1. According to a simple spin-label model (label point 7 Å from Cα along Cα-to-Cβ), what is the distance in nm between ALA57 and MET1?
2. Pulled fully out, how much extra length does the chain show between GLU35 and LEU66, if you take 0.36 nm times their separation in residues and subtract their Cα-Cα distance?
3. Only sites in a loop by DSSP and with at most 11 other Cβ atoms within 10 Å count here; which chymotrypsin sites (Phe, Trp or Tyr not before Pro) in the chain make the cut?
4. Rounded, prolate or oblate: pick one for region 3-60, where a ≥ b ≥ c are the square roots of the eigenvalues of its C-alpha gyration tensor, a/c under 1.5 means rounded, and failing that, prolate if a/b is larger than b/c, else oblate.
5. Roughly what angle does helix 14-26 make with the longest principal axis of the chain, taking Cα atoms, 0 to 90 degrees, to the nearest 10?
6. Among the GluC sites (Glu not before Pro) within the chain, which fall in a DSSP loop and have no more than 14 other Cβ atoms within 10 Å of their own Cβ?
7. Mind checking the dipole of region 19-68: about its Cα centre, +1 per Lys or Arg Cβ, -1 per Asp or Glu Cβ, Debye to the nearest 20?
Amino acid sequence: MNAHQLSKELDIDYKTARHHLEVLEKNGLVERLGEGYGAVYTLSDMLQKNWDLVAEAARYLGYDSLDN
């Protein structure tokens, strides 16, 4: 999804979505495909390879499941 689609899906402000995507990208958790407004974001290879650890941490924090 692009930032606009994510902001709508999560019911948050577009600028908030962009800010968090920039932080996630800076820390290697998502990758931006393309440039400008229509750029699409996807999980990084590193995050995909370690998704089981993310799911384990989520369970520890009380989340029932994580949809990928």
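1. 2.1
2. Values: separation 31, 0.36 × 31 = 11.16 nm, distance 2.83 nm.
Contour length minus Cα-Cα distance gives 8.3 nm.
3. Listed in order of number, the matching sites are TYR37, TYR63.
4. In terms of gyration-tensor shape, oblate.
5. The angle comes out at about 60 degrees.
6. Here the GluC sites (Glu not before Pro) that fit, given the DSSP loop and packing criteria, are GLU35.
7. In total the dipole reaches around 80 debye.
No value in this document is a laboratory result; all are computed from the given coordinates. Just so it is clear, the model here is predicted, and its values are computed rather than measured. For neighbour counting, all protein chains shown are included, and Cβ atoms are generated from backbone atoms with ideal geometry for every residue, glycine included.
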